[in-house]
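In what follows, a single structure is set out as structure tokens and then discussed.
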Amino acid sequence: MSLPVDGLAIHPEIIKKLKNAKISKLEDVLVKGSADLQKATQISAAKIENIKEQACNLLYPIKVISAWDCLKSAYQKLPTGCDSIDRALNGGILCQGITEISGESACGKTQICMQLALHSQLVKRNGRLSNCLYICTEDVFPSQRLLQLEQSIKHHNPLLTNHRFSDHVFVEHISNKDQLLAALENKVPKLLARGLTNLIIIDSITAVFRGQDEQQTISARSKDISAIGVQLHRLATEYHVAVLCVNQVMADMTGSGESRNLPALGLTWSNLVTTRLKVRRSHQDSIRQLVVAFAPHLHNNYCEYLITEHGVVSPG
């Protein structure tokens, strides 16, 4: 969301000073430090703080909800369909904030997402089986694998034979950060307003920043990441949906010369994540592990799982 500084309840002369300093949008007010704003505009420190407070309230208005709504939202979870993972997550993916799953290639991140997209439909929304929005940014959506997982669910649950799971997974292909933010601000709220969707998956959040704007400054990149993260939080809170974002990893060399994998997108994105899950290979080739790195409702925990033709399953 982009708003002009003309919407501020301040004297026209102050607005003129802001524009003369090339500060025409409210986002510009929040990105710049107070000292930099004061120097560029010659506006007093007290007025700068007032301007910043107004800009924050206009861009990110606080939605007041009841304690009961908070309680319901905090405890609603969506099952992944894998017993070991659901036990580790105390029931599944939380319908609150942003859940991130990161890890190396071939650890099963997309497999977990697709299985969640199917099993989450069994959690009813307004008395009906629900939908999932799957935002695909990496490659062509693996629809054949989704159909294979759907048949596996129906094989184990004959009562669901007539339910067309794949028809309730809405796929949106997006290639860059601008398209993603535009979709989150315009198309996605319209879908969620229907009250039949309980899950948003972005696979992956990393891809929209990869190879884009190579000359972009760290400040501008952080601003883009923050805008997407804040909008995801807004959607999760307003519509009581779960948000799951796949993140890639990057190597981090320690002083000892050892390397470890860290989630991409840096500290700006990490500060927006509510629950961080990491997946990794174990010493046994076929077994994968999911680790709870941090979460407000979970202990640090881990579990093991296998990726089979039937989906993501518990070992044994």
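Go through (1) among the hydroxyl-bearing types (Ser, Thr, Tyr); (2) open to solvent by less than 40 Å² (accessible area, probe 1.4 Å); (3) at pLDDT below 90; (4) under 30 Å from residue 189 (Cα atoms) for residue 206 and report which single condition fails.
Evaluating residue 206 over (1) among the hydroxyl-bearing types (Ser, Thr, Tyr); (2) open to solvent by less than 40 Å² (accessible area, probe 1.4 Å); (3) at pLDDT below 90; (4) under 30 Å from residue 189 (Cα atoms) leaves (3) as the failure.
Among residues belonging to the range 67-81 that are part of a loop (DSSP other than H, G, I, E, B) and within 19 Å of residue 299 (Cα to Cα), point out the one that is modelled with the lowest pLDDT.
Among those that are part of a loop (DSSP other than H, G, I, E, B) and within 19 Å of residue 299 (Cα to Cα), it is 76.
Would you please list the contacts, defined by Cβ atoms under 8 Å and residues six or more apart or on different chains, that run from a residue in the range 147-172 that is without any contact (Cβ under 8 Å) to a residue 12 or more places away in the chain and under 14 Å from residue 122 (Cα atoms) to a residue that is assigned to a loop (DSSP other than H, G, I, E, B) and open to solvent by less than 80 Å² (accessible area, probe 1.4 Å)?
Note: pairs meeting the criteria are 154/161; 154/163.
Select the strands (runs of 3 or more DSSP E) contained entirely in the range 84-174, then report the ones holding at least 2 residues which are basic (Lys, Arg) and touching a helix residue (DSSP H, G or I) at 6+ places or on another chain (Cβ under 6 Å).
It comes to none.
Here is a yes/no grid of residues against (1) closer than 23 Å to residue 241 by Cα; (2) open to solvent by 30 Å² or more (accessible area, probe 1.4 Å); (3) charged (D, E, K, R):
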position: 137; (1), (2), (3): yes, no, no
position: 157; (1), (2), (3): no, yes, no
position: 168; (1), (2), (3): yes, yes, no
position: 193; (1), (2), (3): yes, yes, no
position: 200; (1), (2), (3): yes, no, no
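Looking for something modelled with pLDDT under 95, closer than 20 Å to residue 137 by Cα and either among the hydrophobic types (A, V, I, L, M, F, W, C) or more than 17 Å from the chain's Cα centre (by Cα) (or both) - is there at least one such residue anywhere in the range 254-267?
yes
One line per residue, one yes/no per condition, for (1) within 23 Å of residue 93 (Cα to Cα); (2) modelled with pLDDT under 90; (3) in a strand (DSSP E or B); (4) of a type in the set (Phe, Trp, Tyr):
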residue: 216; (1), (2), (3), (4): no, yes, no, no
residue: 229; (1), (2), (3), (4): yes, no, no, no
residue: 277; (1), (2), (3), (4): yes, no, yes, no
residue: 304; (1), (2), (3), (4): yes, no, yes, no
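Any residue in the range 1-28 that is in contact (Cβ under 8 Å) with a residue 60 or more places away in the chain sitting within a Cβ distance under 8 Å of a residue that is open to solvent by 70 Å² or more (accessible area, probe 1.4 Å) and assigned to a helix (DSSP H, G or I)? List the pairs, counting only those 6 or more apart or interchain.
What qualifies is 27/223.
Here is a check on your reading of the model: is residue 146 more than 17 Å from the chain's Cα centre (by Cα) and at pLDDT 95 or above?
yes
The values are calculated or read from the model by the stated rules, or taken from the named source; none is laboratory data. The shown structure was predicted, so the numbers you read here are calculated from the model rather than taken from an experiment. Glycine also receives a Cβ, built like all others from the backbone with ideal geometry; neighbour counts cover every protein chain displayed. Ligands, DNA and RNA are excluded from the accessible area calculation, which covers all protein heavy atoms including side chains. Shrake-Rupley method; radii C 1.70, N 1.55, O 1.52, S 1.80 Å.
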